1. Considering only region 63-70, I want to know if a residue exists there that is among the hydroxyl-bearing types (Ser, Thr, Tyr), closer than 16 Å to PHE178 by Cα and touching a helix residue (DSSP H, G or I) at 6+ places or on another chain (Cβ under 9 Å).
2. For region 104-141, enumerate the residues that are polar (S, T, N, Q) and either within 17 Å of VAL92 (Cα to Cα) or buried (at least 21 other Cβ atoms within 10 Å of the Cβ) (or both).
3. Condition first: out of contact with any Ser or Thr (no Cβ under 7 Å at 6 or more places or on another chain), modelled with pLDDT of 70 or more, assigned to a helix (DSSP H, G or I) and under 20 Å from LEU105 (Cβ atoms). Now tell me which residues in region 3-26 satisfy that.
4. Of the residues ARG94, ARG167, ARG145, which is surrounded by fewer than 19 Cβ atoms within 10 Å (Cβ to Cβ), free of Cβ contacts under 8 Å to residues at least 24 places away in the same chain and of a type outside the set (A, V, I, L, M)?
5. Would you be able to say whether some residue in region 81-100 is modelled with pLDDT of 90 or more and farther than 23 Å from GLN139 by Cα?
6. Any residue that is under 21 Å from SER84 (Cα atoms), out of contact with any His (no Cβ under 8 Å at 6 or more places or on another chain) and at pLDDT below 85 - is there at least one of those in region 125-148?
7. Could you look through region 27-43, keep only residues that are over 16 Å from the mean Cα position of the chain (by Cα) and closer than 19 Å to GLY102 by Cβ, and pick out the one that is modelled with the highest pLDDT?
Amino acid sequence: MKIVPAQPADVETLLAFRKEAAGWLAQLGSDQWQRPYPADRLLATIEAGTVFLVKDGETTAATITLTSEAEEGLWTEAELSEPSRFINKLTVARTHAGQNLGGRLLDWASDHAFREGAKWLRLDAWTTNEALQRYYLAQGFEYVRTVTDGGAVNGGPRVSGWLAQRRTTIADHHFECFSSCPC
């Protein structure tokens, strides 16, 4: 399998990924990702070069966003002063579930971030999705804190404020990487 940067033409595929994941999460009783993600915001992250795809031949098997930009209001000034990369929207196609693609993508992100000089790989997860939180803990992340305020319009509750981090390191992720990837 190969990891490649997403292209603007991938927007519809990625929106379908999110819709599929939202349906699966709803079947599990989670309200995570039940609102459609704005296509223009997704396109902006693709154009910024922060969205990556795992390709299994011609099939898109998974996606991850890896950025140096933290979501406002989650991390302290001291934490933000440390070189970090932040992961978002990690999604694996249901056709490729159970193959540890998520774990391998986290290892790739850690490796990529390490080679770019980052000390930490950080994330925020859905505050009510305890299974997802346990998954990240099992992947070597350490719980930092949960931020519950300031996420919605008018200062309403934040739905994705469970924070975790792990140190970056060189990792054997077993992906073939694109040409400008530091791995």
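1. Here is the first cut: in region 63-70, the ones among the hydroxyl-bearing types (Ser, Thr, Tyr) are 63, 65, 67-68.
Adding the requirement that they be closer than 16 Å to PHE178 by Cα leaves 63, 65.
Of the ones still in play, those that are also touching a helix residue (DSSP H, G or I) at 6+ places or on another chain (Cβ under 9 Å) are 63, 65.
Scanning region 63-70 turns up at least one residue that is among the hydroxyl-bearing types (Ser, Thr, Tyr), closer than 16 Å to PHE178 by Cα and touching a helix residue (DSSP H, G or I) at 6+ places or on another chain (Cβ under 9 Å).
2. Correct list: SER110, ASN129, GLN133, GLN139.
3. Within region 3-26, ASP10, VAL11, LEU15, ALA16, LYS19, GLU20 qualify.
4. Of ARG94, ARG167, ARG145, the one residue that is surrounded by fewer than 19 Cβ atoms within 10 Å (Cβ to Cβ), free of Cβ contacts under 8 Å to residues at least 24 places away in the same chain and of a type outside the set (A, V, I, L, M) is ARG145.
5. yes
6. Yes - at least one qualifying residue is present in region 125-148.
7. GLN27
A quick yes/no check of all residues on (1) touching a Leu at 6+ places or on another chain (Cβ under 7 Å); (2) charged (D, E, K, R):
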residue	(1), (2)
ALA44	no, no
ILE64	yes, no
ALA70	yes, no
ARG94	no, yes
ALA97	no, no
LEU101	no, no
SER110	yes, no
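The values are calculated or read from the model by the stated rules, or taken from the named source; none is laboratory data. Because the structure is predicted, anything quoted here is derived from the model rather than measured. Every residue, glycine among them, receives a Cβ derived from its backbone with ideal geometry; neighbour counts consider all protein chains shown.
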